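Written below as structure tokens is the structure these notes are about.
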Amino acid sequence: STLAKYATDNINSKVLLLQGEMEALHGNHEESMELFQRALESAEEGLLDKALIGEQVGLTLRLCGKEDLALDYLEDCCASYRAWGALIKVNHVKGTVIPEAIYEWEE
């Protein structure tokens with residue numbers, strides 16, 4: 001049915017995100033990044049999903065020592081949170097996830 005198709009599309013990015021987080025927890029960062037990328041592609045127009053996934057990708061990249069690439073994803077996640085209207089979350093990410101020394105972008 002149409003409803004079943006939309007339900008599957010709606011949760012697919014979340015399932016991939018959770019699978020990616022599990023791989024990251026087990027130290028399988030390359031596999032987690034592949035799952036996160038698939039989750040981002042699956043999220044399509046969902047601003048909140050894109051923000052959540054981008055934030056997790058950024059955190060995982062930081063764990064892998066890829067600070068510059070992490071910053072790109074964290075900036076994108078903040079842009080999605082901002083577009084979604086979650087300004088408190090933007091401030092949280094900028095204040096706790098992104099060290100002040102590495103971000104120079106404004107809202």
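The values are calculated or read from the model by the stated rules, or taken from the named source; none is laboratory data. All figures in this text were calculated on a predicted structure; none of them were measured in a lab. Using ideal geometry, Cβ is built from the backbone for each residue, glycine included, and neighbour counts are taken over all protein chains shown.
Which of the residues belonging to the stretch 27-51 are among the aliphatic types (A, V, I, L, M), over 26 Å from residue 88 (Cα atoms) and modelled with pLDDT of 90 or more? Across the stretch 27-51, the qualifying residue is only 35.
For the stretch 5-26: of the residues being modelled with pLDDT under 90 and of a type in the set (Gly, Ala, Ser), which is surrounded by the fewest Cβ atoms within 10 Å (Cβ to Cβ)? My answer is 7. A single entry from 46, 54 fulfils the requirement of being under 21 Å from residue 84 (Cβ atoms) and more than 11 Å from the chain's Cα centre (by Cα): 46.
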